Every structure is written in C-alpha cells, then in structure tokens.
Amino acid sequence: MAVFKLQLTDGRERLIEAGRAGRTADGQIVIEDTDALGVWDCLEEYPADRVAAVWRRGPAESGIYTWIPQPVEGSWWSY
C-alpha cells in the first residue's frame with residue numbers, strides 16, 4: 001500500500017491509500033488496488049483536466065519520508 005496526494009485543479013487536495021496510481025497515455029489519473037484474489041481493480045479515475053499534480057509518500061534519497069512528485073507528462077505507474 002502507498003499513500004498518494006492529488007492536487008485538483010479546483011484547489012482541493014485528496015489523500016488516497018491504494019496499491020498503485022498511474023497516468024495513462026491520455027493523461028487520466030487512475031487509482032487501483034487488488035481484490036481478494038490479487039487482481040488489480042480501478043478504485044477511482046480522474047480526467048487529465050481535473051488533476052494539477054500527483055505525489056507519492058515515500059523515502060527520499062536521505063531516507064526521510066516525504067512527498068515525491070510524479071511526472072506531469074507521459075505514462076507512469078507508482079507503487
């Protein structure tokens with residue numbers, strides 16, 4: 001499990017605990033987790049025009065946990 005923070009374009013922020021977050025080729029942000037059988041399932045979807053930024057909570061190079069920014073372009077998955 002990981003914790004993700006989404007900054008929405010309307011100024012709100014969302015904190016979400018999930019197995020992974022991703023950015024599709026068209027810019028859509030998807031939040032997924034596994035079901036009881038280990039199959040990935042989409043929990044939430046956000047259109048590209050609703051999300052300004054995404055961060056994942058994790059260890060920085062120093063080892064201290066912080067918010068790590070995710071790329072604003074291109075496809076990616078973060079676990």
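The values are calculated or read from the model by the stated rules, or taken from the named source; none is laboratory data. It should be emphasised that the depicted structure is a prediction, and the values quoted were computed from it without experimental measurement. All Cβ positions, glycine included, derive from the backbone under ideal geometry; neighbour counts span all protein chains shown. SASA here: full protein model, heavy atoms, side chains in, ligands and nucleic acids out. Shrake-Rupley method; radii C 1.70, N 1.55, O 1.52, S 1.80 Å.
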Seminar exercise, completed: From the option list E45, E32, single residue qualifying as of a type in the set (D, E), free of Cβ contacts under 8 Å to residues at least 60 places away in the same chain, surrounded by 15 or more Cβ atoms within 10 Å (Cβ to Cβ) and assigned to a strand (DSSP E or B) is E32
Seminar exercise, completed: Among G38, G11, the single one that is exposed (fewer than 15 other Cβ atoms within 10 Å of the Cβ) and modelled with pLDDT under 95 is G38
Exercise. So how many residues does the range 1-44 have that are under 16 Å from S78 (Cβ atoms), in contact with a helix residue (DSSP H, G or I) (Cβ under 6 Å, 6 or more places away or on another chain) and of a type in the set (S, T, N, Q)?
Worked result: 1
For this session: Would you check which residues across the range 15-29 are open to solvent by 50 Å² or more (accessible area, probe 1.4 Å), of a type in the set (D, E, K, R) and under 13 Å from M1 (Cβ atoms) and list them?
Result: E17
Problem set entry | Among residues of the range 59-79, those that are part of a strand (DSSP E or B) and over 12 Å from the mean Cα position of the chain (by Cα), counted | 3
